[in-house]
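Quick note: the coordinates plus some simple rules give every number you see, no bench work behind them. Keep in mind the model is a prediction, meaning the values are calculated, not measured. All Cβ positions, even for glycine, are placed from backbone atoms using ideal geometry, and neighbour counts span all protein chains on display.
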Amino acid sequence: MEKNNYQGALQHPIGSGFNTKSTATEVLKGIDLTGKIAIVTGGNTGIGLETVSVLAAAGATVIVPARDVEKAKKNLEAIPNVEIEAMDLIQPDTIDAFAENFLASGRPLHLLINNAGIMWVPLQRNSHGIESQLATNYLSQYQLVARLWPALKKANGARVVNVSSLGHHMAPFNFDDPNFEHREYQTLLGYGQSKTASNLFALELDNRAKAHQVRAYSLHPGSIAGTELARDADIELFKQMGFFDENGNIRPEILAGLKTIAQGAATSVWAATSPLLNNIGGVYCEDADIAELLYEDLAVQSNAKLHQNGVLAYSLDQSSAKRLWDLTREMTGIEFNAD
């Protein structure tokens, strides 16, 4: 019987041959994606744009759902084999509309890369009253996978890739109050639990979906220079995380570890295409390989300094993954069993 990654059973590097400096183009070398259909959320800026570019160059047709369609058209105009559609992850109705349009095309879906996300924002809620980081970074992933499930199954070999974050170290998922209704809102805790949820979702999705030849992965792309992700962040948040010193200057060790956008997209592309993962799923990846499992329980504080790598065991816990799946069905009203 094929193993799953509950409790991190498969969570150890496999010697991919790549490292923190590898680029998306390098990890895709020699892989032909002609005839493959991919969807990349957040695919018109940052590492999402690089992901779209290299997948298209390898022959894939790439659909980019975007909140700002005109901006996406401008940013993607030089890339062939790209289709742009309207979708805003904070608005569940637009996710349904996008998925309905794609299913109507009758095409299979080989790669779904859930790249889009928000970070370090003040307390905001979507039209369903859900805190915005939880809604955008996790619940939208669940909804999009659920709605596109027929197309994923139709591919007879598909992968779902959740771009998570080292930020999952900041918080486990809070089952008692995930929506910050009875506790003080802290943006770092909101971000952390949304990324933990993304990891747990990939874990449980893979276990349920592998019977249909659909595999799922989560990953940390690295700390990356030149993206828009931290545009809403206050400098005090960077200080709390240990990225900046007390004078507001980025610490030298952080600066030295920053990736380029081409390097930042590498792990997404590797998880989506590497033949080394053909029989492995539900794992958390970084630096274009499977990450190390960390057993240490961090004190969950907004000012806790992050580890530089690895995945914490609480985001690969079997009981938490199954509990989150059931809670998500309640929160979204979407009955999705991956069968």
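Tabulated values for the structure
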{"quantity": "Share of alpha-carbon pairs per 10 Å distance bin for the range 130-209, given as whole %", "calculated": "18, 48, 25, 9, 1"}
{"quantity": "Dipole of the range 6-332 [Lys/Arg +1, Asp/Glu -1 at C-beta], most positive-end residue of Thr20, Phe175, Ala135", "calculated": "Thr20"}
{"quantity": "Magnitude of the charge dipole, the range 6-332, Cβ model with Lys/Arg +1 and Asp/Glu -1, debye to 20", "calculated": "960"}
{"quantity": "Amide H contacts of Met87 (H built 1.01 Å from N, under 5 Å, at least 5 apart or other chain)", "calculated": "Ala66, Arg67"}
{"quantity": "Footprinting exposure proxy for Ser198, Ser320, Ser223, Ser315 (fewest neighbouring C-beta atoms within 10 Å first)", "calculated": "Ser223, Ser320, Ser198, Ser315"}
{"quantity": "Stokes-Einstein D in µm²/s, Kirkwood radius over Cα pairs - the chain at 20 °C with 1.002 mPa s viscosity", "calculated": "109"}
{"quantity": "Expected 222 nm ellipticity per residue - DSSP helices of 4 or more, -39500 (n - 2.57), all of the chain, to 500", "calculated": "-10000 deg cm²/dmol"}
{"quantity": "Using distinct alpha-carbon pairs, which all enter the 1/r mean, Kirkwood radius of the range 31-158 in Å", "calculated": "14.8"}
{"quantity": "Radius 14 Å from Cβ of Lys73, net charge of other residues (Lys, Arg +1; Asp, Glu -1)", "calculated": "-2"}
{"quantity": "Environment charge at Phe180 (Cβ cut-off 12 Å; Lys +1, Arg +1, Asp -1, Glu -1)", "calculated": "-3"}
{"quantity": "Eligible lysines near Lys21 by straight Cα distance, threshold 20 Å, same-chain separation 8 or greater", "calculated": "Lys29, Lys259"}
{"quantity": "Protection-proxy order for peptides 37-50, 110-123, 171-184, each taking the mean of Cβ atoms within 10 Å per residue, highest first", "calculated": "37-50, 110-123, 171-184"}
{"quantity": "Antiparallel bridge percentage (DSSP; both residues within the chain; nearest 5)", "calculated": "15"}
{"quantity": "Cross-link partners of Lys322 among lysines (Cα-Cα below 27 Å; sequence separation of 8 or more within a chain)", "calculated": "Lys3, Lys153, Lys154, Lys195, Lys210"}
{"quantity": "Pairwise FRET efficiency - Asn156 versus Glu83, Cβ, R0 = 22 Å, nearest 0.05", "calculated": "0.50"}
{"quantity": "Fewest-first ranking of Phe102, Phe336, using other Cβ atoms within 10 Å as the exposure measure", "calculated": "Phe336, Phe102"}
{"quantity": "Note, ³J(HN,Hα) from phi for the range 44-54, Karplus 6.51, -1.76, 1.60, rounded to Hz, x at Gly and Pro", "calculated": "10, 9, x, 5, x, 4, 5, 4, 4, 4, 6"}
